[in-house]
Amino acid sequence: MNHRLTALCAVLALSGRALAQLPPPPVPANNPLTPEKVLLGKAIFWDEQLSSTGTVSCGTCHMPEAGGSDPRTRLDPEASLHPGADGLLRTADDVHGSPGVPAHDVSGAYQRDPLYGFHRQVTGRKAPTVIGAAYSRHLFWDGRAEETTVDPETGQPLPSPLAALETQVLGPPVSSVEMGFGGRTWSDVTARLAAVAPLALSDTIPEPLASFVAGRSYPELFTLAFGSPEVTAPRIAMAVASYERTLIPDHTPWDSVLAGQFVDQVLTPEEHLGLQFFLDPSRGDCLTCHGRPPSMIHFGDDRFHYIGVRPATEDPGRFAVTGRPQDLGAMRTPRLRNVELRAPYMRDGRFNTLEEVVEFYNRGGDFDAPNKHPSIRQLNLDPSGVAAIVAFLRRPLTDPRVAAALPPFDRPSQYADSTHVPQLLGTGTPGSGGLVPELIAIEPPKVGAGHLTVALDGALGGAPAFLLLSASHDPLGVPRFGALVYPTLAGSTFVSVPALQGQGPGDGWTSAVLPVPSAPTAIGTQLYAQWFVLDPGAQGRFSASRAVGLTWY
Ligand code: HEC
Ligand code: HEC
């Protein structure tokens, strides 16, 4: 009997006996798990101030309600679109990734990206889950995150190497797509973290994290976790990795089976049928990769396979790391716990539903290559077979604490989901080409945040422009938001900028970096801002963007 059939028997015939259960993830000897480190890591993971715009935390792209992946990939597909290998949007190789930050420089000024303009740039792959990532030896779809031996901040060799999970943390804060300005270094990141009030952008913080933070600074929290106040890159990596090691999704119905309950008492008849197809090499043949037979703990094998989602050359996958031809287009098999919550699926987010995924396997994949895995072949499942596999992937593999964001999957609230995000008002006034200039303001109006950028796009290139700031829009009438006005000057300030970049109608852009008040007395006061562009094509010679209203908090 081969090993897969052994697994089948283990579960179906011998069930009712305890099987191997989900163990805690491995912990490297140089980073023992402590409650203080876990709490510090949780604070950093959910702190949007880790990004230079104050708009992106690790959690922005890794939310419990999306099973540890990015809910925006599904809820805001337009903003999550990456052009894929051909560099063109809305073609067959597009990727459904995660929005990060607008392209910007060290001063906070935005730079117009050829593809995204001033909108958030998007990652080239879908965000995999962080929940259970601590079990993998190689992280990322291509497994490229492995141990680090050099301190990224000092360039000096580390006393002992950082493990893959720690190493992964070192990427996003200095990525100019995900969290940082172009050229951001780890010294910039640690200096910023040392200066901000931990989780200042979160209106609610769950216990025990709230008591741990309790008005302390990051250096004080680092002292609690590491014994001294230095905020360093390896320490940030160790704290965040420690937090990730506590995200163990072991309350699924399947865990009751592993603990010894009878399969048919835990699963419905349809889920049970789905399980049989999932295991059976002559039906679904899923366990070959989604489980290292006979283990059915993770539903992944931590290995890399080309399965024909897209042509193997489009995203080289594991090949980029190993250079071995058999790895071309190969991705790491995703673990399937909580997969129900993580739509859309695959490294490019191509399939919206689990039904689409199982149909993909049923037809034997969509593309071929010499290294395509032999298990990816026509399965001849009828619709009820497909439905049964999907039923097994849903409830039985889902830990209800994840979607409900219950401990340990609870989290601080995020600025990006709050009512503090600046609101656009009015309609603006069109200029040359009939175009209304676009105002972009996404950063937190947080007292003490240093600066806040307000950008302008889609105006008349080369034209003079200014940003009008006012504490009110009524009754002074400044700014007026809609119908054309010559702004009255009372009670308002101008921010003048050099003539707009770009040429011709619709191509003009700039951005203004506004100083942010630091006195607590500013809290609760309001600011309105609106761009005006001297544009001969506008009725009355000024085109105007919509206005933005914000309340300092
Ligand atoms: C802008 C979105 C974004 C942000 C911000 C972000 N990630 Fe990710 N994360 C991704 C994407 C996309 C990948 C997959 C990249 C790849 O495979 O090439 C990923 C991969 C990972 C993985 C690997 C999971 C696995 O199973 O291989 C971990 C762990 C992770 N991120 C943790 C973090 C941490 C910690 C932070 C903050 C320091 C962070 N992420 C910030 C989008 C993001
Ligand atoms: C040859 C190994 C292999 C086999 C067999 C296999 N898978 Fe997969 N599976 C993978 C890999 C690799 C991916 C990721 C591919 C990618 O993103 O390009 C994947 C992705 C998935 C996903 C999407 C997960 C996510 O987070 O996006 C689901 C669901 C899934 N497989 C279920 C199944 C089911 C059900 C079967 C059996 C019908 C099956 N797999 C058979 C290797 C395999």
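Any idea what log10 I(q)/I(0) is at q = 0.15, 0.18, 0.20 Å⁻¹ for region 31-110, Debye with uniform C-alpha scatterers and no solvent? Debye curve over Cα of region 31-110, log10 I(q)/I(0) at q = 0.15, 0.18, 0.20 Å⁻¹: -0.70, -0.89, -0.99.
When the square roots of the Cα gyration tensor eigenvalues are ordered a ≥ b ≥ c, the ratio a/c for the chain is 1.5 or more and a/b exceeds b/c, which makes its shape prolate. Of the options P444, L550, G524, report the single residue whose Cα projects farthest towards the positive end of the charge dipole of region 419-551 (beta-carbon charges: Lys, Arg +1; Asp, Glu -1). Sorting the options by dipole projection puts first G524.
Annotation: lysines with alpha-carbon distance below 30 angstrom to K372 (same-chain offsets under eight excluded): K126.
On the beta carbon distance between R324 and S472, with R0 = 60 Å, the FRET formula returns roughly 0.40.
Neighbours of P208 by Cβ distance under 12 Å: Lys/Arg scored +1, Asp/Glu scored -1, total -2. Working from label points 7 Å from Cα in the Cα-to-Cβ sense, the E270 to D203 distance is 3.9 nm. Which log10 I(q)/I(0) values does region 355-467 give at q = 0.16 Å⁻¹ under the Debye formula, counting every alpha carbon as one identical point scatterer? Treating every Cα as an identical point scatterer, log10 I(q)/I(0) equals -0.85.
Let me know the shape class of region 178-250, please: from the alpha-carbon gyration tensor, a ≥ b ≥ c as square roots of the eigenvalues, rounded when a/c is under 1.5, otherwise prolate if a/b is greater than b/c, or oblate. Taking the square roots of the gyration eigenvalues as a ≥ b ≥ c, region 178-250 is rounded. Among residues other than L40 with Cβ under 12 Å from its Cβ, the summed charge is +1 (Lys and Arg +1, Asp and Glu -1). Simple point charges give the picture: +1 on the Cβ of Lys and Arg, -1 on the Cβ of Asp and Glu, and for the chain a dipole about the Cα centre of about 280 debye. A straight Cα-to-Cα reach below 17 Å connects K446 with the aspartates and glutamates D47, E48, D203, D417, residues fewer than 8 places away in its own chain not being considered. Here the extension length gained between N30 and D113 equals 25.8 nm, from 0.36 nm per residue of separation less the Cα-Cα distance. Between the amide H of G349 and those of H96, K126, distances stay under 5 Å, these residues lying 5 or more places away or on another chain, with hydrogens modeled in the peptide plane. Once the chain from A191 to S295 is taken as fully extended at 0.36 nm per residue, the excess over their C-alpha distance is 32.9 nm.
Relative to the longest principal axis of the Cα atoms of the chain, helix 186-195 runs at roughly 70 degrees.
Solvent-accessible surface (1.4 Å probe) assigned to V339 amounts to roughly 10 Å². With 0.36 nm allotted per residue and the present C-alpha distance subtracted, the E65-T427 stretch has 126.9 nm of extension available.
The residues neighbouring F226, those whose beta-carbon lies less than 11 Å from its own, together hold a net charge of 0 under the Lys/Arg +1, Asp/Glu -1 convention.
Couplings 3J(HN,Hα) for region 118-124, derived from phi with the Karplus relation 6.51 cos²θ - 1.76 cosθ + 1.60 (θ = phi - 60°), are 9, 7, 5, 6, 10, 5, x Hz, where x marks Gly and Pro.
The residues I248, I523, I389, sorted by heavy-atom accessible surface at 1.4 Å with ligands and nucleic acids left out, run I523, I248, I389 from largest to smallest.
Computed over protein heavy atoms with a 1.4 Å probe, the accessible surface of region 419-551 works out to 44 Å² per residue.
The value obtained for region 277-416, namely the Cα convex hull volume divided by the number of residues, is 139 Å³ per residue. The label point for R394 and the one for S228, both projected 7 Å from the Cα toward the Cβ, are 5.5 nm apart.
The alpha-carbon positions of region 419-551 define a convex hull whose volume is 94 Å³ per residue.
For the chain, the longest principal axis of the Cα atoms and the long axis of helix 3-12 meet at an angle of about 90 degrees.
Determine, from the Cβ-Cβ distance of L158 and E356 and an R0 of 45 Å, the FRET efficiency 1/(1 + (r/R0)^6), rounded to the nearest 0.05.
0.55
In the chain, the portion of solvent-accessible area held by carbon and sulfur atoms comes to 58 percent [1.4 Å probe, whole percent, DNA, RNA and ligands not counted].
Averaging the Cα positions of each part gives two centres, and for region 288-331 and region 212-257 these lie 30 Å apart.
Between D382 and R74, what FRET efficiency follows from the Cβ-Cβ distance if R0 is 25 Å, with the result rounded to 0.05?
0.30
Pairs of Cα atoms under 8 Å, at least six residues apart: use those to get the relative contact order of the chain, whole percent.
Answer for the chain is 16 percent.
The values are calculated or read from the model by the stated rules, or taken from the named source; none is laboratory data. Predicted, not measured: the structure shown is a model, and the values here were computed from it. Cβ sites come from the backbone with ideal geometry, for glycine too, and all protein chains shown count toward neighbours. Surface accessibility is based on the protein's heavy atoms, side chains included, excluding ligands, DNA and RNA. Shrake-Rupley method; radii C 1.70, N 1.55, O 1.52, S 1.80 Å.
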